[in-house]
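A.B. asks: Before I ask anything, let me first share the structure, which is written out below as structure tokens.
Readers should treat all values here as calculations from the given coordinates under stated rules, not as data from a laboratory. Remember, predicted model here, so these are calculated numbers, not experimental data. Here the Cβ positions follow ideal geometry from the backbone for every residue, glycine too, while neighbour counts run over all protein chains shown.
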Number of protein chains: 4
Amino acid sequence: MPFVYSRTVRFQDTDAAGVVYFANILAMCHEAYEASLAASGINLNAFFCYPRIAIPITHATVDFLRPAFCGDQQKIYVTPKQLKASEFEVEYEMFTVENSGQDIPEIQEICTARAFTKHVCIDSVSRTRSELSVDVMRWLTAWGQTLPPLSADLETLL
Amino acid sequence: MPFVYSRTVRFQDTDAAGVVYFANILAMCHEAYEASLAASGINLNAFFCYPRIAIPITHATVDFLRPAFCGDQQKIYVTPKQLKASEFEVEYEMFTVENSGQDIPEIQEICTARAFTKHVCIDSVSRTRSELSVDVMRWLTAWGQTLPPLSADLETLL
Amino acid sequence: MPFVYSRTVRFQDTDAAGVVYFANILAMCHEAYEASLAASGINLNAFFCYPRIAIPITHATVDFLRPAFCGDQQKIYVTPKQLKASEFEVEYEMFTVENSGQDIPEIQEICTARAFTKHVCIDSVSRTRSELSVDVMRWLTAWGQTLPPLSADLETLL
Amino acid sequence: MPFVYSRTVRFQDTDAAGVVYFANILAMCHEAYEASLAASGINLNAFFCYPRIAIPITHATVDFLRPAFCGDQQKIYVTPKQLKASEFEVEYEMFTVENSGQDIPEIQEICTARAFTKHVCIDSVSRTRSELSVDVMRWLTAWGQTLPPLSADLETLL
């Protein structure tokens with residue numbers, strides 16, 4: 001079950017073409033990622049700011065499907081997935097929520113963007129890959145999926 | 001009674017000094033201003049994006065009292081006040097909300113910034129000052145204060 | 001021959017991990033793209049802001065290779081390439097320029113990121129694909145490559 | 001003699017009203033401030049990122065005089081002025097540079113904004129005010145003005 005994050009498109013998110021500036025879509029995804037971490041009890045300041053064990057983004061990809069406008073109600077579905085003992089990726093599906101219908105109210109979710117980020121866990125002192133922490137594994141379990149323990153072990157062996 | 005807006009400091013808000021980048025404090029205030037307008041039933045896209053009657057900010061001032069950090073819970077109090085038939089200012093008081101106390105939980109609000117923005121209503125076609133709309137007057141009444149009708153009339157006379 | 005854009009990493013580009021915020025890498029690429037358009041004589045305001053023929057980004061991908069720091073001298077190589085009569089992609093290679101060596105000065109370029117954006121030309125009134133304009137074709141020729149005319153014709157036929 | 005910084009308004013600087021987003025004016029001023037520091041030989045990463053002696057902004061004020069548009073050529077005049085042994089302010093005057101005239105080219109500078117930032121020098125360990133460093137005094141001398149030595153001494157006495 002993915003983590004669901006709701007937000008409103010702010011004026012600052014837009015550009016002079018009247019829609020959300022393309023790179024801000026990725027920033028919105030990161031905002032949703034942060035909310036999912038906080039919802040698992042992770043302290044954001046300790047997690048992101050000069051930690052001993054850092055998990056920087058090594059790759060990102062986005063498909064822009066429809067424009068988003070100032071004031072739009074958004075829902076972002078965040079689905080993390082472990083790839084290796086030291087790696088995970090996060091999938092983001094971004095929707096605009098529209099209320100239509102007059103007599104019978106209808107809620108419609110229109111997909112505006114889909115994105116992925118890949119994260120690698122690194123010991124910032126030794127500059128080597130490091131296993132994901134217990135906190136991160138709990139977050140993966142809560143909103144997405146971890147690798148079977150065996151395959152994680154095998155990876156270390158191979 | 002001011003409008004109260006709650007938000008979390010995002011990683012994107014911060015800079016390499018480890019705290020919120022100074023100009024982002026003003027962007028957070030605008031975010032709270034937008035939320036207060038939406039709470040009064042104003043459509044944000046119509047209000048901000050290429051309207052016939054625009055209300056641009058002509059002046060802003062901020063006092064930075066304490067740093068804010070990634071993950072901080074913030075409360076922003078938004079108090080608008082009409083200055084002329086065509087003008088208003090908005091006061092913003094920004095607090096970090098801290099939960100302290102162990103047995104008896106305590107909530108503490110620490111003021112991190114105070115800001116003002118001044119807005120002038122302009123007809124974008126004739127490029128002249130224009131009276132504030134009924135919508136904006138209702139917003140002023142809801143969260144702050146309007147001028148007494150008489151003084152607004154007098155201003156037009158004088 | 002790609003377009004080469006030089007810039008300095010600004011404090012605002014960074015986050016509380018002490019390096020450039022990941023989504024800002026894409027914004028820097030767009031900044032270089034804008035500079036390449038302006039260098040071909042394209043008016044940026046007319047090009048980007050509510051044009052009849054718009055060329056929105058439909059896809060973006062980035063590899064983050066090394067962190068970039070406040071004050072870093074950057075070079076971004078911009079290489080556009082036509083994909084269809086109505087489509088192009090842009091490749092960005094971002095380097096940090098370091099001056100090392102004492103007696104004999106040495107300049108070293110270290111690759112920090114590589115990105116791609118894909119752009120589709122659309123008539124904003126009819127909402128259909130539109131051929132790239134003469135201006136854009138001239139820009140493609142200057143810094144990258146266009147399709148052979150034949151294949152563009154064929155594409156229309158097929 | 002103030003420091004003069006030239007830049008182009010980028011698409012990212014704008015919002016859906018078609019002009020530069022108000023808080024970005026302050027970010028542009030900071031960009032010019034950084035360039036003035038670098039021009040005096042100050043290392044930006046050491047200066048801004050987790051230094052022992054930090055000089056945070058405690059107050060900012062801006063007057064927005066005219067809108068600025070994507071692609072505009074800007075000139076920002078940066079004039080620093082020492083206020084106390086531990087304090088300085090910076091004045092920013094922002095202009096759009098327009099080329100008009102056909103036979104005889106004419107360059108016109110139109111003032112779009114004026115801003116001030118106030119900075120206080122603090123020892124980040126003892127959390128007390130600290131005198132401005134030799135580097136900062138040299139920067140003040142280069143582009144603006146320092147206090148007469150006597151008055152700085154007096155300030156300490158009083």
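A.B. asks: With θ set to phi - 60° and the Karplus curve 6.51 cos²θ - 1.76 cosθ + 1.60, what are the ³J(HN,Hα) couplings of the range C:8-21 in order, to the nearest whole Hz, using x for Gly and Pro?
C.D. replies: Couplings: 10, 5, 9, 3, 4, 6, 8, 10, 6, 8, x, 10, 5, 4 Hz.
A.B. asks: Given 0.36 nm per residue, what is the gain on full extension from A:LYS75 to A:ARG138 after removing their alpha carbon distance, in nm?
C.D. replies: 20.4 nm
A.B. asks: Pairs B:LYS81/D:LYS75; B:LYS84/D:LYS75; B:LYS75/D:LYS75; A:LYS118/C:LYS118; A:LYS75/A:LYS118; C:LYS75/D:LYS75: which exceed 30 Å Cα-Cα?
C.D. replies: B:LYS81/D:LYS75; B:LYS84/D:LYS75; B:LYS75/D:LYS75
A.B. asks: Also, quick follow-up: Mind listing the label-point distances from D:ARG138 to the same position on all other copies, shortest first, one decimal in nm, points 7 Å along Cα→Cβ?
C.D. replies: 4.7, 5.1, 6.2
A.B. asks: Give the Rg/Rh ratio for the protein assembly as shown, taking Rg as the radius of gyration of the Cα atoms and Rh as the Kirkwood radius, to two decimals. Don't jump to the answer; show the numbers that get you there.
C.D. replies: Numbers: Rg = 25.6 Å, Rh = 26.6 Å.
That ratio equals 0.96.
A.B. asks: Additional query: What ranking do D:72-80, B:14-22 get when scored by the average of other Cβ atoms within 10 Å per residue, highest first?
C.D. replies: Numbers: D:72-80: 20.2, B:14-22: 23.9.
With the highest mean Cβ count within 10 Å placed first, the list reads B:14-22, D:72-80.
A.B. asks: Which whole-number percentage describes the relative contact order of chain A, with Cα contacts under 8 Å and a sequence gap of 6 or more?
C.D. replies: RCO, chain A: 28 percent.
A.B. asks: Per residue of chain D, what 222 nm ellipticity follows from adding -39500 (n - 2.57) for every DSSP H run with n ≥ 4, rounded to the nearest 500?
C.D. replies: Details: 4 runs with 42 residues, N = 158.
So the calculated ellipticity at 222 nm is -8000 deg cm²/dmol.
A.B. asks: From other protein chains only, count the Cβ atoms within 10 Å of every residue's Cβ in B:54-64, then give the mean.
C.D. replies: 6
A.B. asks: Taking the label point as lying 7 angstrom from Cα along the Cα-to-Cβ axis, what are the distances from C:LYS81 to the corresponding position in the remaining copies, in ascending order and in nanometres?
C.D. replies: 2.7, 5.6, 6.1
A.B. asks: Just need the Rg to Rh number for chain C, please, alpha carbons only, Kirkwood Rh.
C.D. replies: Expressed as Rg/Rh, it is 1.04.
A.B. asks: What average number of partner chain Cβ atoms lie no more than 10 Å from the Cβ of the residues making up B:37-46? Working shown, then result.
C.D. replies: On the way: counts 1, 3, 0, 0, 0, 1, 2, 9, 9, 2.
Across B:37-46, the average partner-chain Cβ count within 10 Å equals 3.
A.B. asks: If you wrap a convex hull around the alpha carbons of the range D:1-80, what volume per residue comes out, as a whole number of Å³? Please report the intermediate quantities before stating the final value.
C.D. replies: Working: hull volume 9.8 nm³, N = 80.
With only Cα atoms used, the range D:1-80 gives 122 Å³ per residue.
A.B. asks: Which helices pass in chain C if a helix is a full DSSP H run, must span at least 18 angstrom along its long axis by Cα, and must have mean Kyte-Doolittle hydropathy not below -0.5? List each step's numbers first, then the result.
C.D. replies: Values: long enough: C:22-39 (27 Å, 0.79).
What comes out of the filter, once short or polar helices are dropped, is C:22-39.
A.B. asks: If you put a point 7 Å past Cα along the Cβ direction, how far is that point for A:PRO105 from the same point in each other copy, in nm, smallest first?
C.D. replies: Spacings between copies for this position, smallest first, are 2.9, 6.1, 6.7 nm.
A.B. asks: Please list, in chain and number order, the residues 5+ apart from D:TYR21 or on another chain whose amide H is under 5 Å from its amide H, with Hs placed from the backbone.
C.D. replies: Those lying under 5 Å, H to H, from D:TYR21 are D:THR14, D:ASP15.
A.B. asks: Sticking with this one: How would you rank A:39-46, B:104-111, highest first, on the average number of other Cβ atoms within 10 Å across their residues?
C.D. replies: A:39-46, B:104-111
A.B. asks: Identify the residues of the range C:110-131 with backbone N under 19 Å of a label point that sits 7 angstrom from the Cα of C:ARG52 along the Cα-to-Cβ direction, or state none.
C.D. replies: C:121-131
A.B. asks: Take every residue in peptide B:71-77, count the Cβ atoms of other chains within 10 Å of its Cβ, and give the average of those counts. Kindly include the intermediate steps, with their values, before the conclusion.
C.D. replies: On the way: counts 12, 2, 1, 0, 0, 0, 0.
If you average over the peptide's residues, the count of other-chain Cβ atoms is 2.
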